[in-house]
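Coordinate-derived values only; no laboratory data. Computed from a predicted model, the values in this text were never measured in an experiment. Note that we place each Cβ from the backbone using ideal geometry, even for glycine, and neighbour counts take in every protein chain shown.
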Amino acid sequence: MINISVSARSLAAARAIDPDVSPAAVRAAVEVAIAEHLRELKRSRDAGRIDPTPSAD
């Protein structure tokens with residue numbers, strides 16, 4: 001499990017874009033981004049296990 005906390009700096013950066021954004025919204029966005037990144041890493045690893053070239057046998 002990953003523990004995510006929203007720093008004051010991160011919240012300030014998000015509020016520069018949307019002054020009404022809440023810490024919970026920033027945290028949710030980070031969680032989604034991390035989950036997608038982990039899925040992409042898994043896809044890359046899984047794709048690397050399959051040899052696309054036919055065997056020379």
**OP:** Report the one residue of ALA12, ILE34, SER22 whose Cα lies farthest in the direction of the positive end of the charge dipole of the range 1-40 (charges on C-beta: Lys and Arg +1, Asp and Glu -1; origin at the Cα centre).
**Re:** ALA12
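When N is the residue count of the range 1-46, what does its C-alpha Rg come to as a fraction of 2.2 N^0.38 Å? Mind showing how you got there, number by number?
Working: Rg = 13.0 Å, N = 46, 2.2 N^0.38 = 9.4 Å.
Dividing the Cα Rg of the range 1-46 by 2.2 N^0.38 Å gives 1.38.
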